[in-house]
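To keep things clear, I will list the structure first and then write my remarks on it.
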Amino acid sequence: VKHLISIDDLTMEEIQEMVKISKKLRLNNYNFSKTNKNLTTIFFENSTRTKTSFLRAGQNIGMNVLDLNIQTSSVNKKETMFDTIMTVDAIDSDVIVVRSGEEKLLKQIVAEQPSSIILNGGCKIEHPTQALADFATIVDHFGYNLSDLKVVIVGDVKNSRVAYSNALLLNRVGCDVTFVAPDYMQLPDDILPFIKRSSNLFESIVLADVVMGLRVQFERDDYKIMDINDYIDNFQVDSRILGRYTSTDAILMHPQPVNYGIELDESIIYDHRNVLKEQVVNGLYMRMALLLLAQNRGF
Ligand code: CP
């Protein structure tokens, strides 16, 4: 592993290795000694899970960690994202995790041959480390042979970097993936054309093994044409729908944060199919595994 911009930058062997390492890390109390390696997070957009789990992952494996506070940085003096990242690269970072609007920016940085390893902490199109956390969670429940596993990803597909990275990875291992959304939230047909599309949740969810809800991203799209009540009636996931339509071993996923009452009903909070917390925990251990592998640190 060197830089990670897209989930497609990783081979299946590398991803399976990370799942194995993450499980060993989760089951045992490993004590990593302190290193002189530096991890810096630069988040131009808000985050709770990705940022804190990268910082914790770095600490857990003995790295020095630093989060650049964008609010007090020279970004407020109109410094560009590019210059901001290259400045942090120049002051002795070994790994930089970036969340920004655009993958294009990360590709420009990589083209400059930075001394740091650049990891995508969630951009416009992709969120590769969320897909890694989700993959580890799916493997926990269904094992490594995932061919024909029925996965329904429902909600704001158009704005979802999580849906995109998950679709690339789950398609690679042979899952049967369907994006379910109203037309105004669906991805154009020419993007990820190998993924099925539907606007009928109740048909698509029949015998689904994995139902993955997505947050409606009101901050990116004002959805003037959205009828909230129509959305709730036709696309909101609740315990009753899961119990009535999905397979007996089905799990409910969501990358979080959740708009309760919009894409998920509160009835799912204590539903036995809800694995949202497992996704967060796997996010920590998969990021530890990624940081170890990216630096070629033996484990
Ligand atoms: N799932 C996810 O990326 O959450 P944050 O935005 O809180 O990092």
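Given the criteria of a type outside the set (D, E) and over 30 Å from D8 (Cβ atoms), does G213 qualify? Judged against the criteria, G213 is not a match.
All conditions in (1) surrounded by 15 or more Cβ atoms within 10 Å (Cβ to Cβ); (2) under 25 Å from Q113 (Cα atoms); (3) away from the ligand (no atom under 16 Å from the Cβ) hold for I7, with the sole exception of (3).
Picking from V139, V154, V177, V98, which residue would you name as being hydrophobic (A, V, I, L, M, F, W, C) and in contact with an Asp or Glu (Cβ under 8 Å, 6 or more places away or on another chain)?
Every option except V154 fails the conditions.
If only residues of the stretch 64-88 that are out of contact with any helix residue (DSSP H, G or I) (no Cβ under 7 Å at 6 or more places or on another chain) and under 13 Å from K37 (Cα atoms) are counted, the one that is farthest from the ligand (Cβ to nearest atom) is N64.
When we screen I268, I225 for residues that are in contact with a helix residue (DSSP H, G or I) (Cβ under 8 Å, 6 or more places away or on another chain), over 30 Å from Q59 (Cβ atoms), surrounded by 21 or more Cβ atoms within 10 Å (Cβ to Cβ) and not basic (K, R), the only hit is I268.
Please return the ranges of strands (runs of 3 or more DSSP E) entirely within the stretch 1-106 where 3 or more residues are more than 13 Å from G121 (Cα to Cα) and in contact (Cβ under 8 Å) with a residue 24 or more places away in the chain. Talk me through it step by step, then tell me what you get.
Values: elements: 38-43, 64-68, 95-99.
Once the strands (runs of 3 or more DSSP E) in the stretch 1-106 are filtered for at least 3 residues that are more than 13 Å from G121 (Cα to Cα) and in contact (Cβ under 8 Å) with a residue 24 or more places away in the chain, what remains is 64-68.
Would you confirm, using the coordinates I've provided, whether L290 is assigned to a helix (DSSP H, G or I), among the hydrophobic types (A, V, I, L, M, F, W, C), surrounded by 14 or more Cβ atoms within 10 Å (Cβ to Cβ) and within 16 Å of the ligand (Cβ to nearest atom)?
Working: assigned to a helix (DSSP H, G or I): yes; among the hydrophobic types (A, V, I, L, M, F, W, C): yes; surrounded by 14 or more Cβ atoms within 10 Å (Cβ to Cβ): yes; within 16 Å of the ligand (Cβ to nearest atom): yes.
It is true that L290 is assigned to a helix (DSSP H, G or I), among the hydrophobic types (A, V, I, L, M, F, W, C), surrounded by 14 or more Cβ atoms within 10 Å (Cβ to Cβ) and within 16 Å of the ligand (Cβ to nearest atom).
No value in this document is a laboratory result; all are computed from the given coordinates. It should be emphasised that the depicted structure is a prediction, and the values quoted were computed from it without experimental measurement. Ideal geometry is used to build each Cβ from the backbone, glycine not excepted, and the neighbour counts take in all protein chains shown.
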